[in-house]
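Quick notes on the structure that follows.
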Amino acid sequence: FHTSYTRVGGVLFDVNSAWVDKVRSFCRGFRKVHDEIHKLLTRNRIFIDRVQGVGVLTKEDAINYGCTGPIARSSGVLRDLRKDEPYLAYKDFDFKVIASKTGDCYARYLVRMAEMLESLQIIEQAIENIPAGPINVDPETGVVIPAKPAVYRSIEGLIQHFEVIMPNRGSGSP
């Protein structure tokens, strides 16, 4: 997606069936390519000699340097906001947090390779569970988000948009 696709409180337009088919096709093909890369590198003696034991980052150093994501997890930091403090729809997806303890370049490679498959699993779950219906109505509250042209072209539309998206602003609450 290009950055012009996202909008305050949403996106430019809904996905269509052709896009969903392309994502499904990508997912099918990705596993094969991932497997080829895995076979090429994971047990390749030259690759292993160049990355195993290199650039070791201990768990303590990873924390002290403020590392996050796969770099931190490859050093034994078992923290993943998607599981620990789920945001957006992550609470609805079944996936594993991938980690290692060795903290070297090889561990970072293995963690990232495994995370690609976990990400693929998340994408497959998401694509099969896209809710149907109007894209400008919050299903829980029934609140209608104003049309983007109104938000961009009139002060009233912009105000309505922020009233819906940020209802607690100015309430005195932190």
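The values are calculated or read from the model by the stated rules, or taken from the named source; none is laboratory data. Quick caveat, the model's predicted, so the values are computed rather than measured. Because the Cβ atoms are built from the backbone with ideal geometry, glycine has one as well, and the counts that use them run over all protein chains shown. Accessible surface areas use protein heavy atoms only, side chains included; no ligands, DNA or RNA. Shrake-Rupley method; radii C 1.70, N 1.55, O 1.52, S 1.80 Å.
The table below lists the values:
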quantity	calculated
Kirkwood-Stokes translational diffusion coefficient of region 28-99, alpha-carbon pairs, 20 °C, 1.002 mPa s, µm²/s	146 µm²/s
Most to least accessible of E156, E85 (protein chains only, probe 1.4 Å)	E156, E85
F26, F95, F47, F162, ranked by accessible area, largest first (probe 1.4 Å)	F26, F162, F47, F95
Distance (nanometres) between label positions extended 7 Å along Cα→Cβ at L41 and A126	2.2 nm
Mean accessible surface per residue for region 1-71, computed with a 1.4 Å probe while every protein chain stays in place, in Å²	77 Å²
Gain in span if fully extended, R28 to T3, counting 0.36 nm per residue against the direct Cα distance	6.4 nm
Those lysines that a straight Cα-Cα span of less than 26 Å connects to K96, excepting residues fewer than 8 apart in one chain	K22, K32, K39, K59, K83
Rg(Cα)/(2.2 N^0.38 Å) for the chain, N = residue count	1.37
Positive minus negative residues near R82 (Lys, Arg vs Asp, Glu; Cβ under 15 Å)	-2
Heavy atoms of K83: accessible area, 1.4 Å probe, square angstrom to 10	90 Å²
